[in-house]
1. Only one of these conditions is not met by Glu112: (1) of a type in the set (Asp, Glu); (2) part of a helix (DSSP H, G or I); (3) under 29 Å from Cys178 (Cβ atoms). Which number is it?
2. Here are some residues: Glu301, Glu261, Glu350. Which one is in contact with a helix residue (DSSP H, G or I) (Cβ under 9 Å, 6 or more places away or on another chain), acidic (Asp, Glu) and closer than 24 Å to Gln139 by Cα?
3. Can you name every residue in the range 253-307 that is among the hydroxyl-bearing types (Ser, Thr, Tyr) and either surrounded by fewer than 13 Cβ atoms within 10 Å (Cβ to Cβ) or in contact (Cβ under 8 Å) with a residue 24 or more places away in the chain (or both)?
4. Would you tally the residues in the range 13-26 being exposed (fewer than 15 other Cβ atoms within 10 Å of the Cβ) and touching a residue at least 40 places away in the same chain (Cβ under 8 Å)?
5. Can you tell me which residue within the range 80-100, out of those that are of a type outside the set (A, V, I, L, M, F, W, C) and touching a residue at least 12 places away in the same chain (Cβ under 8 Å), is farthest from Ala58 (Cα to Cα)?
6. Can you name the number of the only condition in (1) in contact with an Asp or Glu (Cβ under 9 Å, 6 or more places away or on another chain); (2) not in a strand (DSSP E or B) that Ile303 fails?
7. Tell me whether the range 101-110 contains one or more residues that are within 30 Å of Asn218 (Cα to Cα) and in contact (Cβ under 8 Å) with a residue 40 or more places away in the chain.
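The values are calculated or read from the model by the stated rules, or taken from the named source; none is laboratory data. All values derive from a computational prediction rather than experimental measurement. Cβ sites come from the backbone with ideal geometry, for glycine too, and all protein chains shown count toward neighbours.
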Amino acid sequence: MKIIVLKQNLIEAINIVQRAVMTKATLPILEGIYIEAGEKVKLVGNCYDLGIECCVDADIQQKGSIVIEAKMFGEIIRKLPDAPVYIEVLDGFNVRIECLNSYFEIRGMDGESYPMPPEYDSEISLDLSQSVLKELIRQTIFAVGNDENRKIMTGVLMEAQQGELKMAALDGFRMAVCGSVIKEDMNFKVVIPGRNMQEILRVLDTSEENVSISLAGNLASFGLKNCRIVSKVLEGEFMNYHSYIPTQFETVINVNTRELEESMERASLITSDDKRYPVRINLSDDRMVISSTTEKGRSKEEIHIENSGNTMQIGFNPRYFLDALKVINDEKVKISFTSPVGPCILTPVEHDRFLFLILPVRLKN
């Protein structure tokens, strides 16, 4: 194999596929990046649960393949000058890397032994713009659980029905549901591991270029222009999240999203995730008073709201509120409170594309 490739193109591909490379594997080859020179140069990372392929344009002088230890290869390429990089596979799987006056010769591994991400015929497929998919993941991923004893909750549900694609995640303390209209009329449900969804989110940009999503068996594939991401799906039945969404509310308010976020940020400066110190919210006719009292000190401030309902005092872990507020792009958000001890719902004022549920913390007098 002999190729010449621009450093910037190569480093972008390495950064993408490296997300699927094992850092500590029983087989050394799984700690490597597979490189193949064919019609284009293809780089692959694969840890079985997640596989990523990325293609780059290059001057291919001789076809072939090799596996190079990912961490060292990435660090070498990053440190090279901004110029074309020459890579050649020598006898005995040694690899020569040259760039201007820089020269490396490192040990590679046989590409024939590398476990490639599976190719399969799609049972279900749909196209979605990168920007829409990125927003769906961004507005749900923060609510994914991390309890390995409830494995299904460590994933994001992706379901399609009646011309709508929805994603949902919940961890026992909060829930996020986000949806978008799709052209295809199809029905399916899959749960994709949260870690894999996080890596897909990092690869996506905000363009209108399509992502081709295809499903078959226990695999989901996300195809971009020069990249393919293959993820295993989690087995089991996801919770019926619809049943957790209340319909009766004691108090409903409209509030400026950024004002509330900034107030919560300030109140959380002297709190922690410790349930002993929740942020306290007092709701009156047109004011929300946000206060916090801990062993470190006290804070208090008020913001204007539009209130339809009763006055109320309720406590929350501020991080749960902030995680939701940070992914809301709307100027105003509607917050519906069931009771001082029941869940509250955050939804947009102008549309119904997302919904966040947060459980309160019991306040001590």
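1. So Glu112 meets the others, but not (3).
2. Numbers: Glu301 fails: closer than 24 Å to Gln139 by Cα; Glu350 fails: in contact with a helix residue (DSSP H, G or I) (Cβ under 9 Å, 6 or more places away or on another chain).
Result: Glu261 is the single residue among Glu301, Glu261, Glu350 that is in contact with a helix residue (DSSP H, G or I) (Cβ under 9 Å, 6 or more places away or on another chain), acidic (Asp, Glu) and closer than 24 Å to Gln139 by Cα.
3. Pass one, the range 253-307, residues among the hydroxyl-bearing types (Ser, Thr, Tyr): 257, 263, 268, 271-272, 277, 284, 291-294, 299.
Once the filter is applied, which keeps residues that are among the hydroxyl-bearing types (Ser, Thr, Tyr) and either surrounded by fewer than 13 Cβ atoms within 10 Å (Cβ to Cβ) or in contact (Cβ under 8 Å) with a residue 24 or more places away in the chain (or both), the range 253-307 yields Thr257, Ser263, Ser268, Thr271, Ser284, Ser291, Ser292, Thr294, Ser299.
4. Filtering the range 13-26 for residues exposed (fewer than 15 other Cβ atoms within 10 Å of the Cβ) gives 23-26.
From what's left, touching a residue at least 40 places away in the same chain (Cβ under 8 Å): 23.
Final tally of qualifying residues: 1.
5. Taking the range 80-100 and keeping what is of a type outside the set (A, V, I, L, M, F, W, C), we get 81-82, 84, 86, 88, 91-92, 94, 96, 98.
Narrowing further to those that are touching a residue at least 12 places away in the same chain (Cβ under 8 Å): 81-82, 84, 86, 88, 94, 98.
Values: Pro81: 17, Asp82: 15, Pro84: 10, Tyr86: 10, Glu88: 13, Asn94: 20, Glu98: 15 Å.
Applying the filter and picking the extreme gives Asn94.
6. Of the numbered conditions (1) in contact with an Asp or Glu (Cβ under 9 Å, 6 or more places away or on another chain); (2) not in a strand (DSSP E or B), the odd one out for Ile303 is (2).
7. Looking for residues that are within 30 Å of Asn218 (Cα to Cα) and in contact (Cβ under 8 Å) with a residue 40 or more places away in the chain, one finds at least one in the range 101-110, hence yes.
So that you can scan it fast, the table gives a plain yes or no per residue for (1) on the phi > 0 side of the Ramachandran plot; (2) among the small types (Gly, Ala, Ser); (3) touching a helix residue (DSSP H, G or I) at 6+ places or on another chain (Cβ under 6 Å):
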| position | (1), (2), (3) |
| --- | --- |
| Glu164 | no, no, no |
| Arg174 | no, no, yes |
| Val177 | no, no, no |
| Asp185 | no, no, no |
| Lys189 | no, no, no |
| Ile192 | no, no, no |
| Ile200 | no, no, no |
| Ser212 | no, yes, no |
| Lys225 | no, no, no |
